[in-house]
Amino acid sequence: MSALDELAGRTAVVTGAGSGIGLGLAVHAGTLGMNVVLAELDEERLEAAVATVRATGARVLGVPTDVGDPTSVEDLAQTAYATFGDVAVLINNAGIEAVGHVWDFEPERWSRMMRVNTDGAFHGIRSFVPRMGASQQTSYVVNVASVAAVSAGPFNAAYHASKHALLALTECLHLESQIAFPQLQVSVVCPGSVTTRIFEDASLSGDDETGGPRQMLDYLRHMLSTEGLSPAEVAEIVFAGMAAGDFWILPHPEQFAELAGARAEQLLHRRAPALPVFE
Ligand SMILES: NC(=O)c1ccc[n+]([C@@H]2O[C@H](COP(=O)([O-])OP(=O)(O)OC[C@H]3O[C@@H](n4cnc5c(N)ncnc54)[C@H](O)[C@@H]3O)[C@@H](O)[C@H]2O)c1
């Protein structure tokens, strides 16, 4: 029996499951015969997503959740365990975007990015990993980072900082799990462009409608809508990577190699980051 077949009848929890990659992951889990718990901040999106995943034939539970709030994530874990008794897969996927000069970020907007993109995964780990680790069955924690976790770019500092921190957090979790919970497998997903609404919801700081941040937001929106993988394609890659036991799950391997290679060069040769060339 393959690792994917063994997930049938077990339970997946996906955060940010109301849209984009999270919804794609939740649908994919349903098609594998898993029970699916959808955690989402936006209740309208949650309701629609629950109906979509239920159409796969899966047993589905929608839990309104703010991953930035540890109490909300603990309630999610209690509800998931009370309903299904076991969680095999936790995917910390919820994330947001914000564009602007570093100095224009209001402190609350900066903190919110960290709370959702970085602390959100920490809250998931804190509430689920001890419970998952108590089971002798193989289980999986998957954190959705980005190619932004190994690169830097202008007008997107809060996002890059949150994803660099998420990558470091995931690497440390992988090491500690090997000691404490060897049956727990940890993975990080680093996608490039995926066609979702993340930049439709992104906030823009400052009031310069023609400056760099606005151009960057327009560029990113365009790139995601024209060049992105679909959430369904990413979901297939994520579950295949998990099943193969991969720590690094890379939907865009060439882009990742280019950015990680450039970063390795910078660190080794102490070069400053270079501005990207926009095509
Ligand atoms: N789309 C891309 O090109 C891309 C590339 C690399 C990484 N990612 C990452 O993939 C993940 C999913 O992004 P997406 O593109 O599918 O975005 P999306 O905006 O389509 O979906 C994100 C979902 O998370 C929800 N959410 C936001 N804050 C939340 C919170 N506090 N608690 C619970 N849910 C919350 C949103 O309501 C939304 O439904 C994010 O972590 C993002 O950083 C996306």
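Report the residue count in the stretch 6-18 for those that are more than 11 Å from residue 53 (Cα to Cα), among the small types (Gly, Ala, Ser) and surrounded by 22 or more Cβ atoms within 10 Å (Cβ to Cβ). Talk me through it step by step, then tell me what you get.
In the first step, residues of the stretch 6-18 are kept if they are more than 11 Å from residue 53 (Cα to Cα); the result is 6-16.
With among the small types (Gly, Ala, Ser) added as a condition, the list becomes 8-9, 12, 16.
Next cut, surrounded by 22 or more Cβ atoms within 10 Å (Cβ to Cβ) only: 12, 16.
Total meeting the criteria: 2.
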Practice task
Could you tell me whether the stretch 220-238 includes any residue that is without any contact (Cβ under 8 Å) to a residue 12 or more places away in the chain and either assigned to a loop (DSSP other than H, G, I, E, B) or farther than 30 Å from residue 13 by Cα (or both)?
Solution key: yes
Exercise for the section: Could you tell me which of the residues 94, 58 is surrounded by 15 or more Cβ atoms within 10 Å (Cβ to Cβ), closer than 25 Å to residue 163 by Cα and hydrophobic (A, V, I, L, M, F, W, C)? Expected result: 94
Completion exercise
The number of residues in the stretch 59-72 that are of a type in the set (Val, Ile, Thr) and more than 9 Å from the ligand (Cβ to nearest atom) is 3
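Determine whether the stretch 38-46 contains at least one residue that is more than 16 Å from the ligand (Cβ to nearest atom), outside any helix (DSSP H, G or I) and either surrounded by fewer than 21 Cβ atoms within 10 Å (Cβ to Cβ) or modelled with pLDDT of 95 or more (or both). Steps first, answer last, please.
First pass over the stretch 38-46, keeping only residues more than 16 Å from the ligand (Cβ to nearest atom): none.
Checking the stretch 38-46: not a single residue is more than 16 Å from the ligand (Cβ to nearest atom), outside any helix (DSSP H, G or I) and either surrounded by fewer than 21 Cβ atoms within 10 Å (Cβ to Cβ) or modelled with pLDDT of 95 or more (or both).
Condition test on residue 55, is it over 23 Å from residue 78 (Cα atoms), at pLDDT 95 or above and more than 13 Å from the ligand (Cβ to nearest atom)?
Yes: the conditions hold for residue 55.
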Handout entry: Evaluation of residue 27 against (1) in a helix (DSSP H, G or I); (2) within 10 Å of the ligand (Cβ to nearest atom) (one fails), failing number
Key = (2)
Problem - Looking only at the stretch 137-170, and only at residues there that are closer than 29 Å to residue 86 by Cα and in contact with a Lys or Arg (Cβ under 6 Å, 6 or more places away or on another chain), the one that is nearest to the ligand (Cβ to nearest atom) - result: 146
Exercise for the section: Could you tell me whether the stretch 68-80 includes any residue that is outside any helix (DSSP H, G or I) and within 17 Å of residue 231 (Cβ to Cβ)? Expected result: no
Practice task
Scan the stretch 170-199 and report the pairs whose first residue is farther than 13 Å from residue 130 by Cα and charged (D, E, K, R) and whose second residue is at pLDDT 95 or above and outside any strand (DSSP E or B), with Cβ atoms within less than 7 Å and a gap of 6+ or a chain change.
Solution key: 197/19; 197/20
Problem - Leading residue by the ranking (farthest from the ligand (Cβ to nearest atom)) among those in the stretch 171-216 that are closer than 29 Å to residue 229 by Cα, polar (S, T, N, Q) and buried (at least 17 other Cβ atoms within 10 Å of the Cβ) - result: 185
Fill in the blank from the handout: Among helices (runs of 4 or more DSSP H) entirely inside the stretch 105-186, those with 2 or more residues being closer than 26 Å to residue 212 by Cβ are 107-114, 157-180
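The values are calculated or read from the model by the stated rules, or taken from the named source; none is laboratory data. Just so you know, these numbers come straight off a predicted model, no measurement behind them. In this analysis, Cβ positions are derived from the backbone assuming ideal geometry, glycine residues included, and neighbour counts consider all displayed protein chains.
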